[in-house]
Amino acid sequence: MQHREWNPKAFFKKVSPEVMALFEAARGFSLDRDAERRKADQTYHAWKALEEPRRLQLETELLPVNDMCSTHARPYLDSLARSVWGADAPDLIEASKDWSVHDLAMRLFVDAPADFMRIHQNYAVDMMEHFREYRGRRPVALKTNPIAKAQMRQAMIEHFRQYAGGARCQVEDFEGADKFAIFIYHENEMTPVDQFDDGGHVVPVWQRPVARIAAVYYQETSTLLVKAPRPPERERLRDLFAEIFVGTPDFFEDLTKTPKFSFIPMDDPGFDFPTHPADGIVGVCVTRLVHRTGHADIRRMAIDLAYNLKLDEVHRVLREHGLAFDGDLIDGVRLQFEFAKGKGRARFRTVSLHNPNNTNLRDTQRDRIIRRHLKEWGIDESRSAFAMAVPVVQAAVGA
């Protein structure tokens, strides 16, 4: 994942001295804190006083911890705490409920670094958004496979070289309880970066920044989510995934012929986005429509709507502007979900759906609830599950 911005002053202000002492002991060093400074700033100033090579080494280690210091990551950390401390220290689990997310992340990183990195990778997969989704033609489950990874790496190197990319490429995989993911890190096109030379002059230095694309395969629905900025990479990664890991080149359906989303249910102005009380959704409203027109020179219109309009009000305002609501002519919508829990903006989740298969949905708990409702409403027409059990097979290239 792309790391969160590293701000050491803010980070160390939120880590308690007791937890920080555990990290120092585990890494074999001790910060020299100035008791004359304000207590909240003592760790930061002592940290900045470390010799730069050692400080940068430690900060590199702490980047994944910093990534997990967010509200969204708390459930992942709580789950890891139960796994790490559940048998031997149940009192620690109870105490951790009152800790800050910074203390919890740092403590788990110290106590179980390998498990922490696995949960960090799982979090990275789930938090990725703006995927293109492709449906598989049959149920199949996948496992990690070093031979397939090597084949994928070589094929993607050849692809990137065709588009002025570099020759260096790294492929990593992740196997979760319900998903299998491939991450590809590669050298992008040469880009000038301004730097100071020995004479103090600003000069351009040409570099190849490292970019990342990813494919996440969900076992239950045989759905592949591909995140890549350009169509050539998206399509190539999809095709290679099908050929190398599944063993069937045409495994994924052509969604240009059978789009993922249908907005026809919204043709009914009385449709009120029914939800289940247990899911904690207060309301759903449409905030944007992308509508095709009958005009030869206007392909689409993007219409931004006021918040909290009922669907019948959306129909009315469109009529007032000479446009009928027609689900067959809608290419995309933006829906705002309001949840009962949370404060301020945390109560809201805005979801973008655009045909044939573009969405910003992730794999968080809230987004899973939203995905289920989209299927129940008939907006997401992809299959939700298979009647048969998913067989576990190895990729065609062999284990």
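The values are calculated or read from the model by the stated rules, or taken from the named source; none is laboratory data. Treat the numbers as computed from the prediction; the structure is a model and nothing was measured. Positions of Cβ are generated from backbone atoms using ideal geometry, with glycine treated the same way; all protein chains shown enter the neighbour counts.
Listing for the model above:
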item: Of all residues in the range 358-383 being part of a loop (DSSP other than H, G, I, E, B) and among the β-branched types (Val, Ile, Thr), the one that is surrounded by the fewest Cβ atoms within 10 Å (Cβ to Cβ); result: 364
item: Selection status of residue 44, farther than 18 Å from residue 112 by Cβ, assigned to a helix (DSSP H, G or I) and out of contact with any Cys (no Cβ under 9 Å at 6 or more places or on another chain); result: yes
item: Residue in the range 277-289 that is assigned to a loop (DSSP other than H, G, I, E, B), closer than 29 Å to residue 342 by Cβ and small (Gly, Ala, Ser) present; result: yes
item: Pair list, Cβ under 6 Å, 6 or more apart: the range 274-294 residue assigned by TED's automatic domain parsing to the domain that holds residue 333, other residue of a type in the set (Ser, Thr, Tyr); result: 281/275
item: Any hit, the range 93-103, residues being without any contact (Cβ under 8 Å) to a residue 60 or more places away in the chain and hydroxyl-bearing (Ser, Thr, Tyr); result: yes
item: Unmet criterion (only one of (1) part of a loop (DSSP other than H, G, I, E, B); (2) more than 30 Å from residue 346 (Cα to Cα); (3) modelled with pLDDT of 95 or more) for residue 273; result: (2)
item: Looking only at the range 48-60, and only at residues there that are out of contact with any Lys or Arg (no Cβ under 7 Å at 6 or more places or on another chain) and surrounded by 14 or more Cβ atoms within 10 Å (Cβ to Cβ), the one that is nearest to residue 124 (Cα to Cα); result: 59
item: Residue that is surrounded by the most Cβ atoms within 10 Å (Cβ to Cβ) [pool: residues in the range 241-263 that are touching a strand residue (DSSP E or B) at 6+ places or on another chain (Cβ under 9 Å) and part of a helix (DSSP H, G or I)]; result: 245
item: Enumerated strands (runs of 3 or more DSSP E) restricted to the range 129-229, each holding at least 2 residues that are more than 25 Å from residue 358 (Cβ to Cβ) and in contact (Cβ under 8 Å) with a residue 12 or more places away in the chain; result: 169-175, 191-196, 202-207
item: Hey, residue 9 under 27 Å from the mean Cα position of the chain (by Cα) and more than 18 Å from residue 109 (Cβ to Cβ) or not; result: yes
item: Test: residue 257 is within 28 Å of residue 370 (Cα to Cα), touching a residue at least 24 places away in the same chain (Cβ under 8 Å) and either outside the structural domain of residue 150 (by TED's automatic domain parsing) or of a type in the set (D, E, K, R) (or both); result: no
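For every residue, the table says whether it meets (1) surrounded by fewer than 16 Cβ atoms within 10 Å (Cβ to Cβ); (2) part of a helix (DSSP H, G or I); (3) not assigned by TED's automatic domain parsing to the domain that holds residue 341.
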site: 34; (1), (2), (3): yes, no, yes
site: 65; (1), (2), (3): no, yes, yes
site: 80; (1), (2), (3): no, yes, yes
site: 84; (1), (2), (3): no, yes, yes
site: 94; (1), (2), (3): yes, yes, yes
site: 110; (1), (2), (3): no, yes, yes
site: 119; (1), (2), (3): no, yes, yes
